[in-house]
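The values are calculated or read from the model by the stated rules, or taken from the named source; none is laboratory data. If you're wondering where the values come from, they're calculated on a predicted model, not measured in any experiment. Note that we place each Cβ from the backbone using ideal geometry, even for glycine, and neighbour counts take in every protein chain shown.
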Amino acid sequence: MTPRFVGIPEVTEVPSVAVVIDVMRAFTVAAWAFARGAERIVLASSESEALELKERHSGWLALKDGAPAAGFDAVNSPGLITSAALAGRTVVQKTTAGTVGALAVANAPLVLCASFVVASATARFLRAEGAGPVTFVVTGEDGRADEDLACAEYIGQRVALGDVEAAPYLHRARASRAAADLADGLRRGYQGVHPDDVELCLELDRFSFAMVARREEAMTVLRPVEVSGD
């Protein structure tokens, strides 16, 4: 596998295999939503679309970035979703970077969404699929977010080499601008930020499933796929 690392603005053609990375916080939140029992996550292109989908489908929940807002049931914080009751529910997710990146490559034959909490499972899935050239979509900061790039590089190395020392990659994520922004938001008392968010985003391989996005009924739908160990 020869990986390619791009930001969202650089997605100009449909890749054969895409892995969309958002560590802080969209795809850490998505993984926790599945761990809390969510059946599927529908990726929305806008907050208005998220609310429209929720309104049209009884029992669906809507999740967004930032502070709580009318109509939304949750915010994009792993610390705030770890206790959510989501068993059997469909969650509609709209975030600033992660969902945008996934929708940018939604027509690719294989799309996975990932963060550190599902990193090794994602690598195992790619190896099992015998995936060809992989395009990693680094969603934060137009492809410059070091927490996302570190995670993408770690997964790429896990695919290529198997066992890889994770500490340097996690250190980069901990020292990233996104981690600092979350800490600053916590100090300032911003809503939608939890004290455990950064640590939860850095919890390597917390889950043993990969997250695969496919087109279903004109929607881009994310589902967990259990992956056996090495």
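Surrounded by fewer than 19 Cβ atoms within 10 Å (Cβ to Cβ) and within 23 Å of Val227 (Cα to Cα): is that true of Ala128 in this structure?
yes
Would you say Ala213 is crowded, with 20+ Cβ neighbours inside 10 Å, in contact with a Cys (Cβ under 7 Å, 6 or more places away or on another chain), outside any helix (DSSP H, G or I) and not aromatic (Phe, Trp, Tyr)?
In short, yes.
Return the residues of region 41-59 that are surrounded by fewer than 24 Cβ atoms within 10 Å (Cβ to Cβ), part of a loop (DSSP other than H, G, I, E, B) and touching a residue at least 40 places away in the same chain (Cβ under 8 Å); say none if nothing qualifies.
Those that are surrounded by fewer than 24 Cβ atoms within 10 Å (Cβ to Cβ), part of a loop (DSSP other than H, G, I, E, B) and touching a residue at least 40 places away in the same chain (Cβ under 8 Å): Ser45, Ser46.
As an exercise: evaluate Ile21 against (1) in contact with a Cys (Cβ under 7 Å, 6 or more places away or on another chain); (2) surrounded by fewer than 21 Cβ atoms within 10 Å (Cβ to Cβ) and give the number of the one condition it does not meet.
(2)
Of all residues in region 38-76, count the ones that are at pLDDT 95 or above and either on the phi > 0 side of the Ramachandran plot or touching a Gly at 6+ places or on another chain (Cβ under 6 Å) (or both).
5
Taking the condition of a type outside the set (D, E, K, R), modelled with pLDDT under 95, in a loop (DSSP other than H, G, I, E, B) and at negative phi, does Ala160 pass?
no
Considering (1) farther than 29 Å from Glu47 by Cα; (2) out of contact with any strand residue (DSSP E or B) (no Cβ under 9 Å at 6 or more places or on another chain), say which one Glu203 fails and leave the rest.
So the condition that Glu203 fails would be (1).
All but one of (1) in contact (Cβ under 8 Å) with a residue 40 or more places away in the chain; (2) over 18 Å from the mean Cα position of the chain (by Cα); (3) under 21 Å from Leu112 (Cα atoms) hold for Glu13; state the number of the condition that does not hold.
(1)
Which condition number does Thr90 fail, the rest of (1) surrounded by fewer than 24 Cβ atoms within 10 Å (Cβ to Cβ); (2) under 23 Å from Arg188 (Cβ atoms); (3) not aromatic (Phe, Trp, Tyr) being met?
Here Thr90 meets the rest and fails (2).
Determine whether Phe136 is of a type in the set (Phe, Trp, Tyr) and either within 24 Å of Ala74 (Cβ to Cβ) or touching a Cys at 6+ places or on another chain (Cβ under 7 Å) (or both).
It is false that Phe136 is of a type in the set (Phe, Trp, Tyr) and either within 24 Å of Ala74 (Cβ to Cβ) or touching a Cys at 6+ places or on another chain (Cβ under 7 Å) (or both).
If you scan region 184-195, which residues turn out to be surrounded by 14 or more Cβ atoms within 10 Å (Cβ to Cβ) and either under 17 Å from Ala30 (Cβ atoms) or touching a Gly at 6+ places or on another chain (Cβ under 7 Å) (or both)?
Selection gives Gly192, Val193, His194.
Within region 13-40, can you find the residues that are in a loop (DSSP other than H, G, I, E, B), over 19 Å from Ala152 (Cα atoms) and of a type outside the set (Lys, Arg)?
Glu13, Gly37, Ala38, Glu39
What is the one condition in (1) out of contact with any Ser or Thr (no Cβ under 9 Å at 6 or more places or on another chain); (2) not in a helix (DSSP H, G or I) that Tyr169 does not satisfy?
That leaves (2) as the condition not met.
Identify, please: which residue in region 30-40 is crowded, with 24+ Cβ neighbours inside 10 Å and either of a type in the set (Lys, Arg) or out of contact with any Leu (no Cβ under 7 Å at 6 or more places or on another chain) (or both) and is, among those, nearest to Pro224 (Cα to Cα)?
Within region 30-40, the match that is nearest to Pro224 (Cα to Cα) is Ala31.
If you go through region 163-173, how many residues are touching an Asp or Glu at 6+ places or on another chain (Cβ under 9 Å) and surrounded by fewer than 16 Cβ atoms within 10 Å (Cβ to Cβ)?
The qualifying residues number 1.
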